[in-house]
1. Describe numerically, in nm with one decimal, the distance between label points set 7 Å from Cα along Cα→Cβ at residue 60 and at residue 442.
2. What percentage of the solvent-accessible surface of region 257-451, computed with a 1.4 Å probe over protein heavy atoms, is contributed by carbon and sulfur atoms?
3. What are the trypsin sites (Lys or Arg not before Pro) within region 363-422 that DSSP puts in a loop, where the Cβ has at most 11 other Cβ atoms within 10 Å?
4. Only sites in a loop by DSSP and with at most 12 other Cβ atoms within 10 Å count here; which trypsin sites (Lys or Arg not before Pro) in region 249-311 make the cut?
5. Please say if region 17-217 is rounded, prolate or oblate, where rounded means a/c under 1.5 for a ≥ b ≥ c the square roots of the C-alpha gyration tensor eigenvalues, and otherwise the choice is prolate for a/b larger than b/c and oblate otherwise?
6. For the residue pair residue 298 and residue 197, what label-to-label distance in nm results when each label sits 7 Å from Cα along the Cα-to-beta-carbon direction?
7. How many percent of the accessible area of region 143-197 is carbon or sulfur, using a 1.4 Å probe?
8. So what is the accessible area of region 257-451 per residue, in Å², with the probe set to 1.4 Å?
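The values are calculated or read from the model by the stated rules, or taken from the named source; none is laboratory data. Quick caveat: nothing in here was measured; it's all calculated off a predicted structure. When we count neighbours, we look across all protein chains shown, and the Cβ atoms used for this are built from the backbone with ideal geometry, even at glycine. The accessibility values were calculated without ligands, DNA or RNA, using every heavy atom of the protein model including side chains. Shrake-Rupley method; radii C 1.70, N 1.55, O 1.52, S 1.80 Å.
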Amino acid sequence: MGRADPEEGQLPAPVKPPDGGWGWIVLLGCFVITGFSYAFPKAVSVYFKELMKDFHVGYSDTAWISSIMLAMLYGTGPVCSIMVNQFGCRPVMLIGGLLASSGMILASFTTNIIELYLTAGVLTGLGMALNFQPSLIMLGTYFDKRRPLANGLAAAGSPVFLSSLSPLGQVLLEKFGWRGGFLIMGGLLLNCCTCGAVMRPLDVGMKRKMEKAQDKYEAKEMLPIGGKSEEGISTTDGTKKAKKAKKKPKKGKKLLDFSIFSNRGFIIYTISKFILVLGLFVPPILLVNYAKDTGVPDTEAAFLLSIIGFIDIFARPACGVVAGLKWVRPHAAYLFSFAMLFNGLTDICSARASNYTGLVIFCVFFGISYGMVGALQFEVLMAIVGSQKFSSAIGLVLLIEAFAVLIGPPSAGRLVDALKNYEVIFYLAGSEVVLSALFLAMATYCCLNRGKKKEPPPEKNLSAGGGSDTEEAESDVQEAEEHSSDNHQPAHSTDNAVVAASEEANHVAEEQSGEGGGCPEGDGEVLARDGCNADQMVERDSF
């Protein structure tokens, strides 16, 4: 009773995430998808030297392959959101896996660099984008209480796959050449289809349970005392049939929900994330060249990235565990701000590192802070907008981040060419990350938390990450089942109650009629036997 009918254009009731069970299989699929999405564009770089020789192009020309992949991953966010809202996560991921695999397979037969842009860049990048976003959406539907841990474990796929795909690509290049390597990598990307196949929708069984409990409650609520349950159930069925006959035309589902821009928490998150991305990826991109310029050998300089990846593998799950603690989760936005502040200060403090030991220390702290940021970024977004609007929110956020990705690293490269000084770049990148951290923390405190305190009815502060998306659904189911069980009493107990009430009323009537009084007050049916006419009963009942 009082629940919106989803058939009349309302949003369906949220479904309780199991926080386990099949959700662990979904988490494994999300781990693989995240690894491919973030690591694959970087792992392809091992083939660049061979591509430069075969196609007679420069390094900047081949680097566009990875850039196009990342641009497709971020820039097609709204397209992914529309497809997920229209067709669901599983079909979109299956199509994405086929596109990603076919892109690399076709790239193995290309004859010029433009064809590589269209196949390995556009087609594979689009396929990975169609896998990455739906996998995060499914992770949010299967986990609620353990969602910070699930996000941390899934995010660990990026460093794990980066440390695996790069050596594998080098081995494939030596044994089969770049064409054979692309062909085998395309076969590996078919695993995205397997990950998409395990993304089973969650809402079917839970919705049936809620509808059954609601039907029981409605049937018992309409029953008169001592009446037959069959009559009540038939009345309920008739009411439901009448509803279906008179129901309004079905409203179309929003393909992209722009109403999230009315959420102040989402606006604050988006602005801070844009500033963050301007400087977040600059240090790891320039680190190797910076180390070489300080006199570090090539092999040791390349090993610095391995240090970051190794630390990152453990930092992400550990941060997910910390973020899931009861006293930390309500303040996840502030923990995210601390992670960004930690990362920015690491960049600033390492700007003057002049030897290999200093660079190793920088990589350790950068790996920790970078892992914290990666583990918390989507957890905080889920807490702000909720699982119902997350599909639209992440698409719009990724689109905005795409502009920052295209502005930040290229601008840093041009400054290096102009100034011939890496120190200024590290200061600039660190300052941008620190600014994003301060903006998120201050805006969350001033614009959200203080505003919530002034309102008389306290609301859940989703911007801080402490709310549960399914508490309302749980209370609805429990309330319906409690009402159903309370009203579902045995027939003989109801009859006994009616008989006892009748005997007591008759006893009162006999005493008052013996005293010569008028008609006593009571139920009309009981008192009619003691001489009261119908008019008197109607008059009494009116009072």
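1. Reported label-point gap for residue 60 and residue 442 is 3.8 nm.
2. For region 257-451, the apolar C and S fraction of the accessible surface comes to 71 percent.
3. For trypsin sites (Lys or Arg not before Pro) across region 363-422 that sit outside H, G, I, E and B with at most 11 neighbouring Cβ atoms in 10 Å, the list reads 420.
4. Here the trypsin sites (Lys or Arg not before Pro) that fit, given the DSSP loop and packing criteria, are 250, 251, 253.
5. Note, shape of region 17-217 comes out prolate.
6. 4.3 nm
7. 67 percent
8. Accessible surface, normalised per residue, equals 42 Å².
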